[in-house]
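Please treat every number below as a calculation from the coordinates, not as lab data. Here the structure is a predicted model, which means the values were calculated and not measured. FYI the Cβ positions are ideal-geometry reconstructions off the backbone, even for glycines, and counts take in every protein chain you see.
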Amino acid sequence: MGMDVYGKKPKSDVGEYFRRNVWGWHPLWDYVENNHPEIAELVEYAHSNDGSGLGSRDSSKLAKLLVADLDSGKVAEYVAQRNLMLSELPFEVCNLCEGTGIRTDAIAVESGMPTKELAEDIAIIVGRTQGYCNGCNGIGKKEPFQTWYSLYEVDVEQFARFLAQSGGFEIC
Ligand SMILES: [Zn+2]
């Protein structure tokens, strides 16, 4: 599950291939969409494996823009803002135990979850010593799905290096 990005006319090894799984690719391309929409809009299906991409000229243009963003601190700022936004999202109710922290369906009963002893740290948080759910460790809530997607400066850096040497690219 992921995006394989192939250089059309690579000038070096770095420009041959770039890959991210879906959790890494979507936030990386979101960065491009948010900060360089005039280039992002040239890629028709950037969030799927349909072979969309950019030509040589636009790839190197995007590479230069990304390098400039890295140098100016724009990427670092974006990543920090993004992480802050994620940290402020409310937790979601766990769907396996419906928020109770104790999973009681047939599979859970079979593996002893309703009477399973809780780890000490969890027991202190939830105020009981047994009754478990493997979806939320017994807490009843879990991190929102958006936190599964991650973006680091190094992702932008590696993508820029690939773009500069790719001679254009296709997302497959
Ligand atoms: Zn649960």
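Here is how the numbers come out for the structure above:
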| quantity | calculated |
| --- | --- |
| Euclidean distance between Cα centres, segment 39-105 to segment 1-35, Å | 12 |
| Whole-Hz couplings from phi, Karplus 6.51/-1.76/1.60, listed for segment 52-58; x for Gly and Pro | 5, x, 10, x, 4, 5, 5 |
| Placed amide H near D4: partners under 5 Å, 5+ positions off or other chain | C172 |
| Local electrostatic count at T115 - Lys and Arg +1, Asp and Glu -1, tallied over other residues with Cβ under 15 Å | 0 |
| 5 angstrom amide H check on Q130, placed H, neighbours 5+ away | L118 |
| Farthest positive-ward along segment 80-121 dipole, Cα basis, beta-carbon charges - from A106, M85, L96 | M85 |
| Anchor K142: lysines whose Cα lies under 30 Å away (excluding residues fewer than 8 positions away in-chain) | K116 |
| Farthest positive-ward along the chain dipole, Cα basis, beta-carbon charges - from G138, L54, P37 | L54 |
| Residue-averaged 222 nm ellipticity for the chain, from DSSP H runs of 4+ at -39500 (n - 2.57), nearest 500 | -13000 deg cm²/dmol |
| Most mobile listed residue (G131, G24, G15) in the chain, GNM with C-alpha springs under 10 Å | G131 |
| Net charge over other residues, Cβ less than 12 angstrom from the Cβ of K8 (K, R count +1; D, E count -1) | 0 |
| Student exercise, segment 89-172 dipole from Lys, Arg, Asp, Glu Cβ charges, in Debye to nearest 20 | 200 |
| Net charge contributed by nearby residues that have their C-beta within less than 13 Å of G53 (K/R +1, D/E -1) | -2 |
| Highest average packing first - 160-169, 82-91, Cβ atoms within 10 Å | 160-169, 82-91 |
